[in-house]
Amino acid sequence: MKVIKRDGHIVDYDKEKIEIAIGKANNEVPEEERATESDIKKIIKYIESLNKKRILVEDIQDIIELKLMEMKRFELAKHYIVYRYNRALVRKSNTTDESILSLLRNENKELNEENSNKNTVLASTQRDYMAGEVSKDLTKRMLLPEKIIKAHEDGVLHFHDMDYFIQPIFNCCLINIKDMLDNGTVINGKMIESPKSFRVACTVTTQIIAVVASNQYGGQSVEVRHLAKYLHMSRDNITKRLKKTLGKSVDADTLNRLVDEETEIELKAGVQTLQYQINTLITTNGQNPFVTLFLYLDDKDPYVKENAMIIEEIIKQRYEGIKNEKGVYITPAFPKLVYVLDEHNCLKGGKYDYLTKLAVKCSSKRMYPDYISAKKMRENYEGNVFSPMGCRSFLSPWRDEDGNYKFEGRFNQGVVSINLPQIGIIADGDEEEFWKLFNERLDLCREALMCRHHALMGVTSDISPIHWQYGAIARLQKGEKIDRFLNGGYSTISLGYIGLYELTKLMKGVSHTEQSGTEFATRVMQYMKDKCDEWKKETGIGFALYGTPAESLCYRFAKIDLERFGKIKDVTDKGYYTNSYHVDVREKIDAFHKLGFEANLQKLSIGGAISYVEVPNMEHNLDAMEEVVKFIYDNVQYGEFNTKSDYCHVCGFSGEIKLNKDCEWECPECGNKDKTKMNVTRRTCGYLGENFWNVGKTKEIRERVTHL
């Protein structure tokens, strides 16, 4: 007989453990109340007579309690129940002490590497992390079903953002910035009226971004085109003022030149305000606001000319960078930039091709912007072009009561991701077993996602006035519930997935880029999409399949499976799983074939998808990058550039990053030593001889060398 323990582990049945447990309870009661040796044997004999192949440890304990009561050993049964209860309390005791203390000592490596945008040395960040540790502890012990927690711990699935689950706040959103600027908003109880100039509009926008970021845990996106109206307004104000000041002392051409010059000053100052405010504001979670600026030129927009001017200035300032405390120009982490390719700017002789060339030049140095194809978006989203949310997830099309599509002012409720390779490991090539287990685990993911949904149901608008009362999402009354925005597909809730490549290798023995592998991988993707559609139809909730951009999760799942199943070639032996549907980095495939292959899977990942290509020495390969951009417009919904060269994300340095004397990778341009903020193409320093050891013989140095 096998015994299933609380953590899911299966052990051999051992009657001595029953004898020991009852014996401990015996020691707590008078002799006349104790179970005799004969009584204990009877209990054990009864358990063994059940002839079960497997039995839960809780069932054994229930039987012991019942039999003690039948034997009228009431005092003993009471002590056994108390003992059992106390053991349960120990198991569910607070587990945050050591994690919080290690955080304060800056020794918590997992937290240090979890989010490159958070500096765990800062007091404000530490406060957020401490709150997060408490949230995770309460979530695991009290808020989520045990089977969801067990699945999370075993790497069956990943319940994202558990450190915020204790609060009824959501993931990411598209701010309805147009409504907030045009109709005003309220921040910290103060009325903010509609701006009268571009510079003020930029300032108000950054204040909105900061408050929104402090009241949700994911990213946010702002459509820049809504600022164009205010640049036009500034130009009109400048024109009126100069006409009044100068009268007829200047001719029309001179007046226009002066207006252009002052408008240019206003434009630069406003964009600089956006860039500096976003990078200097610190939210309540101890980091810069996680924000994306959506750069989209719409020919139907009456302010398209002003919008083009704003986009050009944003890209120019991003290319220049921001000075750090040492005066070195670095690449700011935020805002993320997403540039839309359309007929008029896809490098095929369009009116705005000059902007795209500037964007590519910026990408070559600063890695941003990313690129979205308006052509492919219209194909995939019922003719619409709209921004991804800050975390790269996309909303599903939704229409209001008048039949109008609406995207801004909508949000994502949360994410749960499934570990695909683990299913393949267990199925061991048996497709029937795979689909059975796959279906069971998808149902478990749905249950976990519904926990996200139910946690938000019944919440009132008072939880975050900026979102619910003053326009970022809605304009509800105080005390009004947000429930209607959680249902009917207004908001999404996302099923993420990791390791399609590894799953295909396990089940088919080939990559998903090969024909037989592609057929299987496509069926897996289609099945997940169909499941999301099925859940949406059954519940009215906007389930969507999301190609999770969760690099740290790729390592977490792989680590769990390596410990559990050992080394498996091309799967657990790499130390990471390939993100979502992506082609494995080790495959020999050119950029265009990679993007073309992944584009077919992007269409199924409707809740979010992004593909990237690696280009060596990007600043010297602008022509090649422009060819990739043309290809993205025709084939790929969402693409970005990476580099095969060593690259520092802090200053944009592209070249060779070397190890310093302390065995740390250090950027030669800005001195950045944060491994999470650089790409290093080499795994070792190349030399570990005696001369190297002369730099230091401490245990710390030796461990670093061994690790490298």
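The values are calculated or read from the model by the stated rules, or taken from the named source; none is laboratory data. Remember, it's a predicted structure, so these values are computed and weren't measured experimentally. When we count neighbours, we look across all protein chains shown, and the Cβ atoms used for this are built from the backbone with ideal geometry, even at glycine. Protein only, heavy atoms only, side chains kept; ligands, DNA and RNA dropped before computing areas. Shrake-Rupley method; radii C 1.70, N 1.55, O 1.52, S 1.80 Å.
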Enter the Cα centre distance for the pair the range 133-147 and the range 409-446, rounded to the nearest angstrom. 22 Å
For Lys529, what accessible surface area do you get with a 1.4 Å probe? Give it in Å², rounded to 10. 50 Å²
HN-Hα J couplings of the range 220-226 from phi, Karplus 6.51/-1.76/1.60, θ = phi - 60°, integer Hz, Gly and Pro as x? 9, 10, 10, 7, 4, 4, 6
Tally up the carbon and sulfur contribution to the accessible surface of the range 180-254 as a whole percent, 1.4 Å probe, everything protein left in place. 52 percent
For Leu553, what accessible area in Å² do you get when you roll a 1.4 Å probe over the heavy atoms of the protein chains, rounding to the nearest 10? 10 Å²
Expressed in square angstrom to the nearest 10, the accessible area of Glu666 with a 1.4 Å probe stands at 60 Å²
With the dipole of the chain defined by +1 on each Lys or Arg Cβ and -1 on each Asp or Glu Cβ, the option from Cys670, Ala521, Ile426 whose Cα lies farthest towards the positive pole is Cys670
Rounded if a/c is under 1.5, else prolate if a/b is larger than b/c, else oblate: which is the range 471-532, with a ≥ b ≥ c the root eigenvalues of its Cα gyration tensor? prolate
Ordering Val156, Val585 by the accessible surface of their heavy atoms, 1.4 Å probe, largest first, yields Val585, Val156
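Run the accessible area of the range 343-486 with a 1.4 Å probe and give the carbon-and-sulfur part as a rounded percent. The partial results should precede the final answer.
Values: 2420 of 5230 Å².
Of all accessible area on the range 343-486, carbon and sulfur atoms account for 46 percent.
Heavy atoms only, probe 1.4 Å: what % of the accessible area of the range 507-662 goes to carbon and sulfur, would you let me know?
Solvent-exposed carbon and sulfur of the range 507-662 make up 50 percent of the total.
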Measuring from the longest principal axis of the C-alpha atoms of the chain, the long axis of helix 74-91 (C-alpha) lies at a number of degrees, nearest 10, equal to 30 degrees
Heads up, the range 347-423 by the C-alpha gyration tensor (a ≥ b ≥ c square roots of eigenvalues; a/c under 1.5 rounded, else a/b over b/c prolate, else oblate) looks oblate
What angle do you read, to the nearest 10 degrees and between 0 and 90, between the alpha-carbon axis of helix 15-26 and the longest principal axis of the chain? 80 degrees
To the nearest Å², the heavy-atom accessible area per residue of the chain with 1.4 Å probe amounts to 46 Å²
Of the beta bridges DSSP finds with both residues in the chain, what % are antiparallel, to the nearest 5? 45 percent
With unit charges on the beta carbon (Lys/Arg positive, Asp/Glu negative), name the residue among Tyr354, Tyr339, Asn324 whose Cα is farthest towards the positive pole of the charge dipole of the range 290-369. Asn324
Mean residue ellipticity at 222 nm from the helices of the chain, using -39,500 (n - 2.57) per DSSP H segment of n ≥ 4 over the full residue count, to the nearest 500 deg cm²/dmol? -15000 deg cm²/dmol
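State to the nearest 20 debye the size of the charge dipole of the chain about its Cα centre, where the only charges are +1 on K and R beta carbons and -1 on D and E beta carbons.
800 debye
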Most to least accessible of Lys588, Lys376, Lys305 (protein chains only, probe 1.4 Å): Lys588, Lys305, Lys376
Of Tyr546, Tyr303, ordered by accessible area with the largest first and a 1.4 Å probe, the sequence is Tyr303, Tyr546
How about Lys244: which lysines have a C-alpha closer than 30 Å to its C-alpha, ignoring those fewer than 8 places off in the same chain? Lys196, Lys229, Lys268, Lys305
Inter-label distance for His593 and Ile187, nm, one decimal - labels placed 7 Å from Cα along Cα-to-Cβ: 5.1 nm
